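Presented below is the structure to which this report refers.
The values are calculated or read from the model by the stated rules, or taken from the named source; none is laboratory data. Keep in mind the model is a prediction, meaning the values are calculated, not measured. Every residue, glycine as well, gets a Cβ built from its backbone with ideal geometry; the counts of neighbours run over all protein chains shown.
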Ligand SMILES: [Cu+2]
């Protein structure tokens, strides 16, 4: 007589414990990882390589492939002037990240939360993340901050 009641009680306790426990898995992981939206052309190899580096650095990356005109539209809308432009444009926590910017610089910006539109590594500097070349040659380059008004400052030198 008592056994079925005990079984029912144990089952009930287990169910409520399971319900109260925070759920681990994809939902919990994405809450911690900053979401990065990347706009690029479908054929851009160095963009893809940069995206992989961002994923390895902990960003949850969403990629949208656009044609050249649509990509230019995104850059114009986000205040990425011609002097700042590179191959791909990303948006993370409301900030623009243009080109082959190292993940550490992005993490620093997200931590410091400066009053800027974003940061950019103009052009395609050799040796920047996603722009590695055989033999390891690298061009010194700067990561610049920029505002919607087009004001730039040096954020980092590499
Ligand atoms: Cu590139």
Among the residues of the stretch 107-133, what is the count of those that are free of Cβ contacts under 8 Å to residues at least 60 places away in the same chain and outside any loop (DSSP other than H, G, I, E, B)? 9
What number of residues within the stretch 65-98 are out of contact with any helix residue (DSSP H, G or I) (no Cβ under 8 Å at 6 or more places or on another chain), closer than 16 Å to residue 36 by Cβ and either part of a strand (DSSP E or B) or more than 16 Å from the ligand (Cβ to nearest atom) (or both)? 5
Could you pull out the residue among 19, 31, 24 that is at pLDDT 50 or above, more than 16 Å from the ligand (Cβ to nearest atom) and exposed (fewer than 10 other Cβ atoms within 10 Å of the Cβ)? 31
Within the stretch 78-93, the residues that are closer than 24 Å to residue 58 by Cα and surrounded by fewer than 17 Cβ atoms within 10 Å (Cβ to Cβ) are 93
Filter result for the condition that a residue is exposed (fewer than 13 other Cβ atoms within 10 Å of the Cβ) and more than 23 Å from residue 34 (Cβ to Cβ), over 115, 56, 149: 149
The condition from (1) under 21 Å from residue 116 (Cβ atoms); (2) surrounded by 14 or more Cβ atoms within 10 Å (Cβ to Cβ); (3) more than 12 Å from the ligand (Cβ to nearest atom) that residue 38 misses is numbered (3)
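Please tell me if residue 62 is closer than 14 Å to residue 119 by Cβ, at pLDDT 95 or above, more than 16 Å from the ligand (Cβ to nearest atom) and surrounded by 11 or more Cβ atoms within 10 Å (Cβ to Cβ).
In short, no.
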